[in-house]
Each structure stands twice: as structure tokens, then as C-alpha cells.
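Below you'll find the structure, written out as C-alpha cells, and then a few comments.
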Amino acid sequence: MKKEVQRKWDLLSKAKRKSSVDEIIAFFEQEKSEILGVVAAEDILNFFLQNIGGEIYNRGVQDAKELLKRRFDDLEIDLDILLNK
């Protein structure tokens, strides 16, 4: 059995990868009237994952960091209110 190599930038599940490839194929057929094969669609998906996947991931981490910071600030205010002064 052939072991699949996971690339650092490719964190998609098999199901999500397949549906993404299917969507790329459908997009090219509907919007561009071009027939695209599975290999070409996978190449397009890999290209975008490699080139912008890291930036999208980093943005998600930054957004989560900012959300947690706001929530922590709110928690700190709530705890300050509970203090007996």
C-alpha cells in the first residue's frame, strides 16, 4: 500500500480535498466552458494552498488571538467588579 505524503501546506481532509477538486472542475466547466481533469484541478488547488494557504491560516490565528484578548479583557473587568473595595 502506497503511503501518502502530507505536505506542510496541505491540511485538507481527503473528503474536503475531493470536494474542492470537484468544485474547481465544475467552476471551469460552468464559468470558462473548459473541461478540466482531476490532475489539473489538483494542481490548481495545490498552487493556491501553497501560495496563500499560510496567509489565510495566519489571519485565522490572528483573528482568534484578538478575540481571546477581547474576551480576557471582558473577564478581567467582570472580576474587578466582583472585588470588595
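The values are calculated or read from the model by the stated rules, or taken from the named source; none is laboratory data. Just so it is clear, the model here is predicted, and its values are computed rather than measured. Reconstructed Cβ throughout: ideal geometry from the backbone, glycine too, with neighbour counts over all protein chains shown.
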statement: In region 12-33, anything surrounded by fewer than 12 Cβ atoms within 10 Å (Cβ to Cβ), farther than 21 Å from Y57 by Cβ and of a type in the set (D, E, K, R) is listed as E31, K32
message: For region 40-62, give me the residue count where each residue is under 13 Å from the mean Cα position of the chain (by Cα) and more than 18 Å from S19 (Cβ to Cβ).
response: 10
- prompt: Of (1) surrounded by fewer than 14 Cβ atoms within 10 Å (Cβ to Cβ); (2) closer than 22 Å to Y57 by Cβ; (3) modelled with pLDDT of 95 or more, V5 satisfies all except one. Which?
  reply: (3)
- prompt: Considering only residues of region 34-85 that are modelled with pLDDT of 95 or more and not in a helix (DSSP H, G or I), which is surrounded by the most Cβ atoms within 10 Å (Cβ to Cβ)?
  reply: L36
